[in-house]
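Heads up: the structure comes next, in structure tokens.
The values are calculated or read from the model by the stated rules, or taken from the named source; none is laboratory data. Predicted model only: the values in this text are computed from it and were never measured. No Cβ is skipped: glycine too gets one built from the backbone with ideal geometry, and neighbour counts run over all protein chains shown.
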Amino acid sequence: MAKRRFIAPDRRAVTEAVFQHPAFAPYAEYGDLLRAGEWPSVAMLNVRAQGLRHAHTQGPMRFVQQDSELLADGMHYEDRIYAHSEIPTRAMNWHDLLNALIWLRWSRMKSALNRRQVDDIVKVGPRQRTRGQCALTHFDEAGVAVRINDDIALAHWDAHEWPLLARRLQANPVACEVIVFGHAVLEHALDPSRLLVGKALLMRAEARTPTEDWMASIAERIACGDALNDPLELRPLPLAVLPGWHAQSTEEAFLHTAPCFQPLREGRCYPSPLPFTAALSER
């Protein structure tokens, strides 16, 4: 049976409670763009983008309306961002609005993904895709970035021992920190009934490491090609396993039977977390 395409709810149907979910916490400063009765325009997004620069081209970034006139030149989406510092954005569209918020909040990471995509387009052309491009796209759409410092929690996660992982995280709240980076995951979070699963890229760092620092370190690893060269680098993370992320996250039966908690596929192994190193700008 074909998987049904997700259709985001009408803007007026999304309640204030939706944006209280931890997935939206890193984007709280842009909450007005999500909660306003009317869709924010590209001009409104560009007011918030003042000072935003592509981390690799250093071009001042701006959002541009994606319409037939913009697309008439046939330019590839990623090439347009890299060459012109323009982020095509559809009007009245949750997917693109959430993508805009992630550019505003994590421009260094988004810039790294864009640079790598363009590098591979040069190598194989716009009609083929490398394994690296697939990994980059999966993380861009469905990614969660995770800081972890607990080997027991990691072992449970590696084995898909979801109830044991949930109990370990409840006992050790600083074992990991999770940032929802993929705008498709945030779009799905607009529907509270959905069980969210992210594709996780892990970094080993101590709990005292500031979020901005370990996220910048991941961005640097992506940019230099140390990470996201194959989709198999990413591991599933059912977000309902995290304390406080789902109303039933402490219920044993739920952790055993909910469809988001899949068993480990035979022969599947996950790579070790990336080691934290201070990003170049902090050295």
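Quick notes on this structure:
- Just so you know, in segment 1-53 the residues that are aromatic (Phe, Trp, Tyr) and exposed (fewer than 14 other Cβ atoms within 10 Å of the Cβ) include one that is modelled with the lowest pLDDT, and it is PHE6.
- Being crowded, with 18+ Cβ neighbours inside 10 Å, at pLDDT 95 or above and closer than 20 Å to LEU98 by Cβ holds for only one residue in ALA153, ALA175, ALA200, ALA216, and it is ALA200.
- Failed item in (1) in contact with a helix residue (DSSP H, G or I) (Cβ under 7 Å, 6 or more places away or on another chain); (2) of a type in the set (A, V, I, L, M, F, W, C); (3) modelled with pLDDT of 95 or more, with ALA83 passing the rest: (1)
- The set of residues in segment 249-262 that are assigned to a loop (DSSP other than H, G, I, E, B) and surrounded by fewer than 10 Cβ atoms within 10 Å (Cβ to Cβ) contains only PRO259.
- Only one of GLY59, GLY37, GLY74 that is under 23 Å from ARG221 (Cβ atoms) and more than 22 Å from the chain's Cα centre (by Cα): GLY59
- Selection status of GLU220, part of a helix (DSSP H, G or I), assigned by TED's automatic domain parsing to the domain that holds HIS160, among the acidic types (Asp, Glu) and more than 20 Å from PRO173 (Cα to Cα): yes
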